[in-house]
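Trainee: Below you'll find the structure I mean.
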Amino acid sequence: MRDTIRNILNDDKIVLHPLQHSSTHAEPIIIERAENVWLYSITGEKILDAFSGMWNVNIGYGNKEMAQVAYDQMCKIAYGSNFSGSSTLPQINLAKKLSGYGYKKLKTTFFTSGGSEANESAFKTAQYYWKRKGKSGKSKFICLEGAYHGMTMAAASATGIPKFWTMFDKVPGFIHIPNPYSYRFAGEIKPNETVGQAAARIFEEIILKEGADSIAAFIAEPVQGSGGGIIPPDDYYPLIRKICDKHEILLIADEIVTGFGRTGKMFALENWGIEPDICSFAKGVTSGYIPLGGIQISDEINEVIQNAPAEDAWLHGFTYSGHAAACAVALKNIEIIERENLLVNATNMGAKLTTLLKGLLERECVGEIRSIGLLITVEFIENKTSREKSFEIAMEMYKQCLKRGVRVRALGNNVTLAPPYIINEDNVDFIAKVFIEALDECQGK
């Protein structure tokens, strides 16, 4: 049936999909509609989306308030240029809402269409800032291994997953260091050091090796998403913030996955009590109902931009920066998250799901379960002695969960669960039941 429908639609002939390869598109799932946390395929499957689309459908599917506000705004003006010299009310109103919303010292917002554009904007803004400060040599970026920052040229160069570099040339100036991955830390740990201290020390050693006068910024996801749901030790980001301040290096928080509540806080660095100089966001700002992203910048960076002479203007922008309908939808999305106390529900449901899965740690093939807010990752290994990664189990878990009506995400040898914030206890029980049954199948029980 699925092959017949695929042939009728001729999807693989007319659409070039993200991360396209014929082997991964042999049996595509074609979604016809969605409601709440459920996806309904054209072939009749009902699937609980335990990955929120692509980490982004945080308030669930089919929300009529979101559709209505988009309709109303499109009837007024769907798009208006927001290039310097003009603006639209939705952009202004959303910028007002976001001013100091997550991080108090980040009051100014530049809007993009998505996350890759947001990180590109962050890189260009960091270099611009230092040039305006008379330190044009500060142009490099320190990034983490395992990081994912997007697919445009600079964003992909910042991404610390080597397979994304295979078929293109990286942009020079992006340096990768070990991430604070406690279960598999790749760097040297000195006596009496924690993993967080060791990772931060390596960061400072690279700064000294390269020269602080050559480093524009450090960029990191507060919790690494595609890298495997890596949650840093509690001492890591406070140390990173101190090192950045010491060496005059901007701290860019890539909150494209974690922003707007995924970790139980509106923005993830709140979990460690620090603020970045630039924050990239996308995905959850509209819960995927319409594309939108952006960066927020500190007052100091904004002042440098605003006070520039004409010949040094911040010449950066996109046609769809501050898209009117997208900004109106974002405002409604944030209102719904606040009104429905969805961060509280996300925290509670994340804790419940983690508890239900905790028993899997007794299995020889489960190395670690990492959990923060409503982001839970199970790492699969060959055995606890070798800790050798099991990519095969992770991929089979994806298939077996989908077969039973739950969509998860296999990321290397990890399987991640990040369902919409609106999930209820019955949904959580179903996810856990399917996950355990799928693992039983994988182990031949």
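The values are calculated or read from the model by the stated rules, or taken from the named source; none is laboratory data. Remember, it's a predicted structure, so these values are computed and weren't measured experimentally. Methodologically, a virtual Cβ is constructed for each residue, glycine included, from the backbone with ideal geometry; neighbour enumeration extends over all protein chains shown. For accessibility, only protein heavy atoms count, side chains too; no ligands or nucleic acids. Shrake-Rupley method; radii C 1.70, N 1.55, O 1.52, S 1.80 Å.
Trainee: Are there any pairs with C-beta distances below 6 angstrom linking a residue in segment 89-102 that is modelled with pLDDT under 95 to a residue that is open to solvent by less than 20 Å² (accessible area, probe 1.4 Å), with the two at least 6 apart or on different chains, and if so which?
Mentor: Gly102/Phe267
Residue-by-condition table, conditions (1) surrounded by fewer than 18 Cβ atoms within 10 Å (Cβ to Cβ); (2) charged (D, E, K, R); (3) touching a Lys or Arg at 6+ places or on another chain (Cβ under 9 Å):
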position: Thr385; (1), (2), (3): yes, no, no
position: Ser390; (1), (2), (3): no, no, no
position: Thr416; (1), (2), (3): no, no, yes
position: Glu437; (1), (2), (3): yes, yes, yes
position: Glu441; (1), (2), (3): yes, yes, yes
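Trainee: Could you give every pair whose Cβ atoms fall below 7 Å, whose first residue belongs to segment 284-313 and is crowded, with 19+ Cβ neighbours inside 10 Å, and whose second residue is at pLDDT 95 or above and of a type in the set (D, E, K, R), counting only separations of at least 6 or pairs across chains?
Mentor: As it stands, the answer is Gly284/Arg262; Gly293/Glu117; Ser298/Lys105; Ser298/Asp277; Ile301/Asp277; Val304/Arg132; Val304/Lys133, since those pairs meet every condition given.
Trainee: For segment 200-238, what are the residues that are among the polar types (S, T, N, Q) and surrounded by 19 or more Cβ atoms within 10 Å (Cβ to Cβ)?
Mentor: Pass one, segment 200-238, residues among the polar types (S, T, N, Q): 214, 224, 226.
Residues satisfying the conditions are Gln224, Ser226.
Trainee: Can you go through Asp213, Asp299, Asp234, Asp277 and tell me which one is within 24 Å of Val344 (Cβ to Cβ) and modelled with pLDDT of 95 or more? Let's see the steps before the verdict.
Mentor: Details: Asp213 fails: within 24 Å of Val344 (Cβ to Cβ); Asp299 fails: within 24 Å of Val344 (Cβ to Cβ); Asp277 fails: within 24 Å of Val344 (Cβ to Cβ).
Just one listed residue meets the conditions, Asp234.
Trainee: Additional query: Would you confirm, using the coordinates I've provided, whether Ala156 is at negative phi and either touching a helix residue (DSSP H, G or I) at 6+ places or on another chain (Cβ under 9 Å) or at pLDDT below 95 (or both)? Break it down into steps so the answer makes sense when it comes.
Mentor: On the way: at negative phi: yes; either touching a helix residue (DSSP H, G or I) at 6+ places or on another chain (Cβ under 9 Å) or at pLDDT below 95 (or both): yes.
Yes; evaluated as a whole, the condition is true for this residue.
Trainee: Now for a separate question. Given (1) under 26 Å from Lys433 (Cα atoms); (2) surrounded by fewer than 18 Cβ atoms within 10 Å (Cβ to Cβ); (3) more than 20 Å from the chain's Cα centre (by Cα), identify the lone condition not met by Cys401.
Mentor: Result: Cys401 passes all but (2).
Trainee: Next question, about the same structure. Of Ala216, Ala253, which residue is in contact with a Lys or Arg (Cβ under 8 Å, 6 or more places away or on another chain) and farther than 29 Å from Ser390 by Cα? Spell out how you get there, then give the answer.
Mentor: Details: Ala253 fails: in contact with a Lys or Arg (Cβ under 8 Å, 6 or more places away or on another chain).
From the options Ala216, Ala253, the qualifying one is Ala216.
Trainee: Yes or no: Ile295 within 21 Å of Asn58 (Cα to Cα), of a type in the set (Val, Ile, Thr) and assigned to a strand (DSSP E or B)? Quick ask: steps written out before the conclusion?
Mentor: Working: within 21 Å of Asn58 (Cα to Cα): yes; of a type in the set (Val, Ile, Thr): yes; assigned to a strand (DSSP E or B): yes.
Yes, satisfied.
Trainee: Still on this model: How do the pairs read when you match residues in segment 28-48 that are farther than 26 Å from Met349 by Cα with residues anywhere that are open to solvent by 70 Å² or more (accessible area, probe 1.4 Å) and assigned to a loop (DSSP other than H, G, I, E, B), using Cβ under 7 Å and keeping only pairs 6 or more apart or on different chains?
Mentor: Ile30/Ile42; Glu32/Ile42; Thr43/Met1
Trainee: Report, by residue number, each residue of segment 237-267 that is under 25 Å from Gly284 (Cβ atoms), charged (D, E, K, R) and assigned to a loop (DSSP other than H, G, I, E, B).
Mentor: The answer is Glu255, Arg262, Lys265.
Trainee: So which residues in segment 201-236 are assigned to a loop (DSSP other than H, G, I, E, B) and either touching a Pro at 6+ places or on another chain (Cβ under 7 Å) or over 30 Å from Phe380 (Cβ atoms) (or both), if there are any at all?
Mentor: Step one: of segment 201-236, the residues assigned to a loop (DSSP other than H, G, I, E, B) are 211, 221-223, 225-229, 231-235.
Gly211, Pro232, Pro233 - these are the residues of segment 201-236 that are assigned to a loop (DSSP other than H, G, I, E, B) and either touching a Pro at 6+ places or on another chain (Cβ under 7 Å) or over 30 Å from Phe380 (Cβ atoms) (or both).
Trainee: Going through segment 149-160 one residue at a time, which ones are under 14 Å from Leu19 (Cα atoms), surrounded by 20 or more Cβ atoms within 10 Å (Cβ to Cβ) and hydrophobic (A, V, I, L, M, F, W, C)? Write out each step before concluding.
Mentor: First pass over segment 149-160, keeping only residues under 14 Å from Leu19 (Cα atoms): 150-152, 156.
Pick out the ones that are also surrounded by 20 or more Cβ atoms within 10 Å (Cβ to Cβ) and you get 150, 156.
Of everything in segment 149-160, just one residue is under 14 Å from Leu19 (Cα atoms), surrounded by 20 or more Cβ atoms within 10 Å (Cβ to Cβ) and hydrophobic (A, V, I, L, M, F, W, C), namely Ala156.
Trainee: Let me ask something else about it. Do any helices (runs of 4 or more DSSP H) entirely within segment 28-144 hold 1 or more residues that are open to solvent by 70 Å² or more (accessible area, probe 1.4 Å) and farther than 25 Å from Cys279 by Cβ, and if so, which? Outline the logic, then answer.
Mentor: Numbers: elements: 52-55, 64-77, 89-98, 115-132.
Counting at least 1 such residues, we get 64-77.
Trainee: Also: Restrict the check to segment 128-149 and report whether at least one residue is under 16 Å from Gly317 (Cβ atoms) and at pLDDT 95 or above.
Mentor: In the first step, residues of segment 128-149 are kept if they are under 16 Å from Gly317 (Cβ atoms); the result is 128.
Those left that are additionally at pLDDT 95 or above: 128.
Checked against the condition, which is being under 16 Å from Gly317 (Cβ atoms) and at pLDDT 95 or above, segment 128-149 yields at least one hit.
Trainee: For segment 175-198, what are the residues that are surrounded by 15 or more Cβ atoms within 10 Å (Cβ to Cβ), in a loop (DSSP other than H, G, I, E, B) and over 22 Å from the mean Cα position of the chain (by Cα)? Quick ask: steps written out before the conclusion?
Mentor: From segment 175-198, those surrounded by 15 or more Cβ atoms within 10 Å (Cβ to Cβ) are 175-182, 184-185, 187, 194-198; that's our starting set.
Right, trim to in a loop (DSSP other than H, G, I, E, B) and you get 178-181, 185, 187, 194.
Listed by number, the residues that qualify are Gly187, Thr194.
Trainee: Among the numbered conditions (1) more than 25 Å from Ala418 (Cα to Cα); (2) of a type outside the set (D, E, K, R); (3) open to solvent by 60 Å² or more (accessible area, probe 1.4 Å), tell me where Gln20 comes up short.
Mentor: Exception for Gln20: condition (1).
Trainee: May I ask you to list the residues in segment 161-174 that are within 17 Å of Ala216 (Cβ to Cβ) and either open to solvent by 80 Å² or more (accessible area, probe 1.4 Å) or of a type outside the set (Lys, Arg) (or both)? Spell out the reasoning first.
Mentor: Within segment 161-174, the first condition is being within 17 Å of Ala216 (Cβ to Cβ), and the residues that meet it are 170-174.
If the condition is that a residue be within 17 Å of Ala216 (Cβ to Cβ) and either open to solvent by 80 Å² or more (accessible area, probe 1.4 Å) or of a type outside the set (Lys, Arg) (or both), then Val171, Pro172, Gly173, Phe174 are the ones that fit.
Trainee: Same structure, new question: Scanning for something assigned to a helix (DSSP H, G or I), touching a residue at least 24 places away in the same chain (Cβ under 8 Å), out of contact with any strand residue (DSSP E or B) (no Cβ under 6 Å at 6 or more places or on another chain) and over 24 Å from Pro232 (Cα atoms), does segment 154-170 turn up at least one residue?
Mentor: Within segment 154-170 (the criterion being assigned to a helix (DSSP H, G or I), touching a residue at least 24 places away in the same chain (Cβ under 8 Å), out of contact with any strand residue (DSSP E or B) (no Cβ under 6 Å at 6 or more places or on another chain) and over 24 Å from Pro232 (Cα atoms)), the answer is yes, since at least one residue qualifies.
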